[in-house]
Amino acid sequence: MENDRRSFFLSLLTLGSLGAGYGLFGFFSGRFLYPVEGSARTAKMFVGFTDEIPPRESVQFASPTGETFLLTNTGDGVDPYQAYSSVCPHLGCQVHWEGDHQRFVCPCHGGIFDAAGRPVAGPPARDKQSLKQCSIVVEGRSLYALVEVT
Amino acid sequence: MLLETKKVVVSILSLFFLGSLLIVAWIEGGKQRVTAAPDAIVTAENRDCVDCHLVKSPGIVGQWQESKHSKSGIGCLQCHGAGEHDIDAYEHEGAVIATIVSPKDCSACHEKEYKEFQASHHADAGKILGSLDNVLAEVVQGFTVFTADGEKVQPSAAAVSGCLQCHGSEIKVLENGKLDPATWPNTGMGRLNPDGSKGSCSACHVRHSFSRAQARLPENCGRCHMGPDHPQLEVFNESKHGIAFAANRERYAEAMKEKEWVPGRDFEQGPTCSTCHMSATKTLPLTHDVGARISWTLRPPVSEKIDAAALKQGRTAKSWEDRRRDMRLVCTSCHGPEWVENFYIQYDNLVNLYNDKFGRPATQLFKNARAAGLFSNDVNFDDEIEFTYFFLWHHEGRRARHGAAMMGPDYTQWHGLYEVAHRFYHEFVPQLEEVIEHNKRLGGDKARQAHQVEQQLHDVLNSEMHRWFLGEMSEGERAARKRAAEEFRKRYAQ
Amino acid sequence: MSSSMTEWVNERAPVDPEVLKKFGSEPVPEHLKHWWWCLGGTPAYLFGVQAITGILLAFHYVPSADAAYESVVRINETVPFGWYIRSLHRWSSNFMIIAVVLHMLRVFFTGSYRKPRELNWFIGMGLLGVTLMFGFTGYSLIYEQLSYWGATVAGNITESVPLVGPSLANFIRGGGEVGSATLTRFFAFHIGVLPTLLIGLLLLHFTLIRLLGVTEFRFKKSAGSAKTFSFFPDHVLTEVLIGVTLMFLMTILAIVFPVGLAEKANPLVTPPHIKPEWYFYFTFRWLKLTSLTFAVLSLGLFGAVAAAWPLIDGAIRRRWKDSEASVWIGALVVLALLALTVWEAFVLHFSH
């Protein structure tokens, strides 16, 4: 009886230690395989000059990976330059900016987004889908967008 | 081995294995993750340019890919794109561009540097058209063709390929939008651009990589600041600063690429030109006004403080004291205050020595003789004495002063005052005496004026600094020199 | 609960538990308790390590001349634990070759290749060849200077093989020269062809061992019936022990001597000293001592003789009963190979 119990215990210990060792190795392998954080590299891409975009106007630009965005000048004092993806989250049509109404409009099914990319009408409002935001950096009079490079 | 023993051994070894894996994890945690260097971004509008030029001029594209501009997608059209009405704009493969990217173009993003540079002496480098140097290039060495109205039809090749390559040409745009070959290519420091701006950023920031590290190298400034008349590069290389840099330049290679390369903080010895004359230090901001920390002007026949000219003309300028104060701030990044203080005393003394002993006397004599018409004063450089005087202040005199300014003692001495002295005593003075004699023989007014100049020369040579030449010396000094000479002879048994 | 699950499985995969038990408790001769005799499982285990680390590496490695080297740099410097997995892979490959050779020596010097096990010897020689090819192709994939030039030299040597040389070289290289096509091919060999061959040969190898049983010995000391012990759990645990020890050893080696990277391959610049991996030193030295053609032919002959040794040994023993000439010949050959290897290593490491 004693021997059996001891034998069982030892087997447990053996399996446990083996499991721990190889298990940790397995964890390392998992980390090894998982795509490296931030490996979708982002870069600061020059878009244009602040004085080239009058208030309420917009300019379209594309990232090196082909994503299209709209950079808008909302005319607001604090943070007038914003950028959002110009691809409608509903079915992928290109939205356009209406400066007078300070909104993005999708011509395909009437999706409308406010100046902050939030859906207010149409299918995107129903499905609560916003326009993806793209960070803008202003240095002097230069406008940069933080876009994905790979 | 018993089964049970084996199980124990396996367990122990597994734990060892686990332990080794923990060490692996620890090493992993301490590792610096190397993220790959970002690539150049080619935006849609520049795509065509890059694709074609990759084949036609891969070097240019390669240079651009090395630059920081390219990592932000700042490419061809951002700099070369021109307005349709720009005087030098032309159509090229569907785009309206201009070849020259002037400092004004760069100022779209680099406004501060543009302003500082336009205000600096560098930007005025192109304004040498009235100088003696220009006479040399266009008349004496070269040949320029003018119309009857005085318009320059054919420039002097000596100027185009020589002087103006450093000083900067005045860009001329031909009728078809092309650039006059007499004026382009040219990245001279004071180039006069079609858009009215002065200078060329690419004089220092080699295109299209625009590397900071490259701009900080002494060789960069040495493209122009070298040679017999202003050997700043050579003086630097001789100096301890230059040696310290040479010894450490490989170690500094990476750090020099950074935005800031501050002496005393990012490196501890071996400043380069840009360090002292422009760079940010722990207490000073970066400036593109290269004269902002210079107190003397070593350029003219007789040196004066750098703000003297402006003051004479009634303009305001940063005072020489303020400039010296700023330079001292740079020096004290690495040197103690007594070191700096004493250095300036030595430097001032040398400049004053040159001024007092050679610069001023030679200039006075020369000017007086010239004004009196003792030699032809309507044409420059047709008399030998004119070359002699030029060499004395423009070449050797400058070398001596630069040597003292930047601690290159061989330039102060053998390339400097030694040659100044020889030039003065054994060429300038004899030539002046010859001119005097010649005019005395002519008689009349000329002879009278020749006598006046002769008297002036006599006064100079009999002055305390020069009377040794006439064999005169104070008794005390004579005795001291005799003693020193004897000791020397004894030591070397010659 | 578990019994109904077992029933469910059994109905669909009818395995007789008795057969399983018998399979697992195959009596293993007592002498296998000595470590010298466990060297067969060792390279098999190391192949497992290679397969796993290799598959992991394949997630990041790019088999193209433009990107291969950079992908290895990335593995070393950017990918988490990349340096460890790669070092493990390299060290394990060295150990695997050593283990295969030691196993071969054991088999040879105990005469375990004799009838009726000749077939297994042939298969084993095949396994040796595949293992060496693994090493060669794997090292070439890094696309370092030595990889490139080593592959170039190997290609030229292959070309010297009579009759089939040039076509064989072209086939292996994917062209007249080492390049991107070579890399793609070597990658296909390394992760496709060779593993399939190895697994196939291994299965045959194991099957034959199970069919024929492990060679039993009549030792002078133990008279009477040989003692045995059970495969599971005893022998299995021995193999597990070896496995864990190896993992520990190789991890330590990966920590202390992580695998680095030399210069990237440059087809325009031949490095002053090209050398193959250590397991090819003997061929390299032999090549330097003789001419190209002679070396190729003689090594080919040597390989053929080695492969056919059971038959040769059989013939010898038919002529001179119970002759142990094999042992002497084997010892001489081992010494010669060792000498050539050490000589080359010495020359490479001490005179440059």
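The values are calculated or read from the model by the stated rules, or taken from the named source; none is laboratory data. Worth saying up front: this structure is predicted, and the values here are computed from it rather than measured. Heads up, the Cβs are rebuilt from the backbone with ideal geometry, glycines too, and the neighbour counts pull from every protein chain shown. Areas reflect the complete protein model, heavy atoms only, side chains present, ligands, DNA and RNA absent. Shrake-Rupley method; radii C 1.70, N 1.55, O 1.52, S 1.80 Å.
In segment A:41-149, what is the volume of the convex hull around the alpha carbon atoms, normalised per residue and reported in Å³?
94
Give the cross-link partners of B:Lys6 among the lysines, using a straight C-alpha distance below 28 Å as the criterion and excluding same-chain residues fewer than 8 apart.
Filter leaves C:Lys21, C:Lys22, C:Lys33, C:Lys220, C:Lys221, C:Lys227.
Can you tell which of A:Thr65, A:Thr42, A:Thr50 shows the greatest fluctuation in a Gaussian network model of chain A with Cα springs below 10 Å?
Between A:Thr65, A:Thr42, A:Thr50, it is A:Thr65 that shows the largest mean-square fluctuation.
Report, in debye and to the nearest 20, how large the dipole of segment B:175-305 comes out about its Cα centre when Lys and Arg carry +1 and Asp and Glu carry -1 on their Cβ.
Computed about the Cα centre, the dipole is about 240 debye.
On average, how much accessible surface per residue is there in segment A:41-149, in Å², for a 1.4 Å probe, leaving out ligands, DNA and RNA?
49
Specify the residue with the greatest mean-square fluctuation among A:Leu71, A:Leu33, A:Leu15, computed from a Gaussian network of chain A linking alpha-carbon atoms under 10 Å apart.
Among A:Leu71, A:Leu33, A:Leu15, the largest GNM mean-square fluctuation belongs to A:Leu15.
List the longest stretch of chain B that has no exposed loop site; here a site is one of the trypsin sites (Lys or Arg not before Pro) assigned by DSSP to anything other than H, G, I, E or B, with at most 11 other Cβ within 10 Å.
B:1-258
Round to a whole angstrom and tell me the spacing of the C-alpha centers of segment B:370-430 and segment C:306-352.
Taking the Cα centre of each part, segment B:370-430 and segment C:306-352 sit 88 Å apart.
Could you give the dipole magnitude of the protein assembly as shown about its Cα centre, charging the beta-carbon of Lys and Arg +1 and that of Asp and Glu -1, in debye to the nearest 20?
Around 4420 debye, computed over the protein assembly as shown.
If you fit an axis through the alpha-carbon atoms of helix B:360-371 and take the longest principal axis of the Cα set of chain B, what angle between them do you get, 0 to 90°, nearest 10?
In chain B, helix B:360-371 runs at an angle near 60 degrees to the longest axis.
Once the whole set of protein chains is in place, how much accessible area is left on C:Val327, using a 1.4 Å probe, in Å² to the nearest 10?
50
Quick one: in the protein assembly as shown, what % of C-alpha pairs are over 47 Å apart?
Percentage above 47 Å: 56.
Going by alpha carbons, how many degrees (0 to 90, nearest 10) lie between the helix axis of B:320-331 and the longest principal axis of chain B?
Roughly 40 degrees, rounded to the nearest 10.
At a 1.4 Å probe radius, which order do B:Val140, C:Val28 fall into by accessible area, largest first?
Most to least solvent-accessible, the answer reads B:Val140, C:Val28.
Rounded to the nearest 500, what is chain C's calculated 222 nm mean residue ellipticity when only DSSP H runs of at least 4 contribute -39500 (n - 2.57) each, over all residues?
Taking each H run of at least 4 residues, the total per residue is -22000 deg cm²/dmol.
With a Förster radius of 25 Å, plug the Cβ-Cβ distance of B:Ala310 and B:Tyr344 into 1/(1 + (r/R0)^6) and report the FRET value to the nearest 0.05.
After rounding, the FRET efficiency stands at 0.70.
Give the interface area between chains A and B as buried accessible surface, both sides summed, probe 1.4 Å, in Å² to the nearest 100.
What A and B bury together is about 2100 Å².
Where in segment B:412-426 is the amide nitrogen less than 12 Å from a point lying 7 Å along the Cα-to-Cβ axis of B:Ala247?
none
Summarise the long-distance tail of P(r) for chain B by giving the % of C-alpha pairs beyond 35 Å.
Value for chain B: 51 percent of Cα pairs lie more than 35 Å apart.
Using a 1.4 Å probe over the heavy atoms of the protein chains, calculate the carbon and sulfur portion of the accessible area of chain C as a whole percent.
Here it works out to 72 percent.
Once you place label points 7 Å from the Cα toward the Cβ at A:Thr50 and C:Glu77, how far apart are they in nm?
In this crude spin-label approximation the distance works out to 3.8 nm.
Using only protein heavy atoms and a 1.4 angstrom probe, determine the accessible area buried between B and C, summed over both sides, in Å² to the nearest 100.
Result for this pair: about 2000 Å² buried.
Can you tell me which lysines have their Cα less than 27 Å from the Cα of B:Lys482? Leave out same-chain residues fewer than eight positions away.
By straight Cα distance, B:Lys482 reaches B:Lys357, B:Lys490.
Would you be so kind as to identify which of A:Gln102, A:Gly122, A:Val149 lies farthest towards the positive end of the dipole of segment A:79-150, taking Lys and Arg as +1 and Asp and Glu as -1 on Cβ and the Cα centre as origin?
Among A:Gln102, A:Gly122, A:Val149, the one farthest towards the positive end of the dipole of segment A:79-150 is A:Gly122.
Mark the label point 7 Å from the Cα of C:Trp320 along Cα→Cβ and return the residues of segment C:328-349 whose backbone N is within less than 20 Å of it.
Within reach of a label on C:Trp320, which here means backbone N under 20 Å from a point 7 Å along Cα→Cβ, segment C:328-349 contributes C:328-336.
For A:Arg103, enumerate residues with amide H under 5 Å from its amide H, sequence gap 5+ or separate chain, H modeled in the peptide plane.
Result for A:Arg103 returns A:Glu98.
Describe numerically, in nm with one decimal, the distance between label points set 7 Å from Cα along Cα→Cβ at A:Thr42 and at B:Gln364.
7.2
Roughly how crowded by other chains is peptide C:238-249, in terms of the mean Cβ count from those chains within 10 Å of each of its Cβ atoms?
If you average over the peptide's residues, the count of other-chain Cβ atoms is 6.
Let me know the charge dipole size of segment A:41-149 about its Cα centre in debye, to the nearest 20, where only the beta-carbon of Lys, Arg (+1) and Asp, Glu (-1) is charged.
Dipole about the Cα centre, nearest 20: 340 debye.
In degrees from 0 to 90, rounded to the nearest 10, what is the angle of the helix A:2-33 Cα long axis to the longest principal axis of chain A?
With rounding to tens, the tilt is 20 degrees.
Evaluate E = 1/(1 + (r/R0)^6) for B:Lys282 and B:Ala108, where r is the Cβ-Cβ distance and R0 equals 41 Å; express this FRET efficiency to the nearest 0.05.
0.85
Excluding ligands, DNA and RNA, what is the solvent-accessible area per residue of segment B:30-157 at a probe of 1.4 Å, expressed in Å²?
Averaged over the residues of segment B:30-157, the accessible area is 60 Å².
Quick check on segment B:258-318: take the gyration tensor over C-alpha atoms, sort the square-rooted eigenvalues as a ≥ b ≥ c, and tell me if it's rounded (a/c under 1.5), prolate or oblate.
Because a/c hits 1.5 or more and a/b exceeds b/c, segment B:258-318 counts as prolate.
Using a 4.7 Å cut-off between beta carbons, which cysteines in chain B end up with no partner cysteine at all?
B:Cys52, B:Cys79, B:Cys106, B:Cys109, B:Cys163, B:Cys201, B:Cys204, B:Cys276, B:Cys331, B:Cys334
For segment B:217-360, with equal point scatterers placed on the C-alpha atoms only and solvent neglected, what are the log10 I(q)/I(0) values from the Debye formula at q = 0.08, 0.09, 0.11 1/Å, to two decimals?
-0.24, -0.30, -0.46
Sort C:Trp343, C:Trp83, C:Trp91 by heavy-atom solvent-accessible area, probe 1.4 angstrom, most to least.
In descending accessible area the options line up as C:Trp343, C:Trp91, C:Trp83.
Once amide H atoms are placed 1.01 Å from N in the peptide plane, what residues at a sequence separation of 5 or more from A:Cys134, or on another chain, have their amide H within under 5 Å of its amide H?
Under 5 Å from the amide H of A:Cys134: A:Ala83, A:Tyr84, A:Ser85.
Can you send over the carbon and sulfur percentage of the accessible area for segment A:21-145, probe radius 1.4 Å, protein chains only?
Ligands and nucleic acids excluded, carbon and sulfur give 51 percent.
Around B:Ser131, what is the net charge, scoring Lys/Arg as +1 and Asp/Glu as -1 over all other residues with Cβ under 13 Å from its Cβ?
-2
Using +1 at the C-beta of Lys and Arg and -1 at the C-beta of Asp and Glu, which of B:Val24, B:Phe424, B:Gly142 has the Cα lying farthest in the positive direction of the dipole of the protein assembly as shown?
B:Val24
For C:Val256 and A:Phe8, FRET efficiency with R0 = 35 Å and r from the beta-carbon atoms, rounded to 0.05?
E between A:Phe8 and C:Val256, to the nearest 0.05, is 0.40.
Calculate, in whole percent, how much of the Cα-Cα pair population of segment B:150-191 lies beyond 16 Å.
Here the tail beyond 16 Å accounts for 32 percent of pairs.
Taking every DSSP beta bridge with both residues inside the protein assembly as shown, roughly what % is antiparallel (nearest 5)?
95
Under a crude label model (7 Å from the Cα following the beta-carbon direction), how far is C:Phe294 from B:Arg483 in nanometres?
So the label points at C:Phe294 and B:Arg483 sit 8.9 nm apart.
Check the straight Cα-Cα distances from B:Lys71 and name the lysines below 28 Å, setting aside those fewer than 8 residues away within the same chain.
A:Lys44, A:Lys132, B:Lys31, B:Lys56, B:Lys104, B:Lys112, B:Lys115, B:Lys257, B:Lys259, C:Lys264
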